[in-house]
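Enquirer: Before anything else, here's the structure in question.
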Amino acid sequence: MGMIDSGSEAVQYVRFQSPHRNSRGHFTGVFGLVNNLAREGRLSDEQEIFRRRSNSWYDAAYADPSTIDPHVYDDGINPGAAAWFKPSATHLLSRVSGYLEILSAHGVDCQALRSADPGRVIYEDAVQIVVVPYAQDSTAAHRNANGGGA
């Protein structure tokens, strides 16, 4: 369940992601989308400088959940796991616009999602949660209950 703030309204977690599934069946997040453009050599020098500086800033500003729990993004254990910002992470959210500008310049779709309850929480810290989306979670439970597995 989503967290409740003091005003008795559900907290709205925020995620920026592709509206299209990638080759693994997941929705790539905003940072991954820009990093993919960089790997493909499609960024201008200015965009690459922004990406490197901003990625370094984000790396210093908050923990990568996979360094704390190496299995957090393991598809067999946590299928479709995805990180969502807490709304209180305004210092992190305010810098996402530069990434969105890069994606827009390259015609790469990215959508902002908001949800009070985006899935089963498998990791949480001061600025983010990582969840297994409920649709993915039930699919995995169904596979495992029928003797299938990841």
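Enquirer: For region 106-115, does any single residue satisfy the condition of being under 16 Å from Tyr73 (Cα atoms) and either open to solvent by 60 Å² or more (accessible area, probe 1.4 Å) or at pLDDT below 95 (or both)?
Expert: no
Enquirer: Restrict the check to region 62-75 and report whether at least one residue is without any contact (Cβ under 8 Å) to a residue 40 or more places away in the chain, open to solvent by less than 60 Å² (accessible area, probe 1.4 Å) and of a type in the set (Val, Ile, Thr).
Expert: Within region 62-75 (the criterion being without any contact (Cβ under 8 Å) to a residue 40 or more places away in the chain, open to solvent by less than 60 Å² (accessible area, probe 1.4 Å) and of a type in the set (Val, Ile, Thr)), the answer is no, since none of the residues qualifies.
Enquirer: What single numbered condition from (1) modelled with pLDDT of 95 or more; (2) surrounded by fewer than 18 Cβ atoms within 10 Å (Cβ to Cβ); (3) not in a helix (DSSP H, G or I) fails to hold for Ala150?
Expert: The number of the failed condition is (1).
Enquirer: List every residue pair whose Cβ atoms lie under 9 Å apart, where the two residues are 6 or more positions apart in sequence or sit on different chains, the first residue falls within region 115-138 and is in a helix (DSSP H, G or I), and the second residue, located anywhere, is among the aliphatic types (A, V, I, L, M) and at pLDDT below 95.
Expert: Between residues of region 115-138 that are in a helix (DSSP H, G or I) and residues that are among the aliphatic types (A, V, I, L, M) and at pLDDT below 95, there is no close pair.
For (1) aromatic (Phe, Trp, Tyr); (2) over 18 Å from Val121 (Cα atoms); (3) touching a helix residue (DSSP H, G or I) at 6+ places or on another chain (Cβ under 8 Å), each residue gets a yes or a no:
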residue	(1), (2), (3)
Asn22	no, yes, no
Phe27	yes, no, no
Ala60	no, yes, no
Asp64	no, no, no
Thr67	no, no, no
Val72	no, no, yes
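The values are calculated or read from the model by the stated rules, or taken from the named source; none is laboratory data. Keep in mind that what you see is a predicted model, and the values were worked out from it rather than measured. Reconstructed Cβ throughout: ideal geometry from the backbone, glycine too, with neighbour counts over all protein chains shown. Note: areas computed on protein heavy atoms with side chains; ligands, DNA, RNA excluded. Shrake-Rupley method; radii C 1.70, N 1.55, O 1.52, S 1.80 Å.
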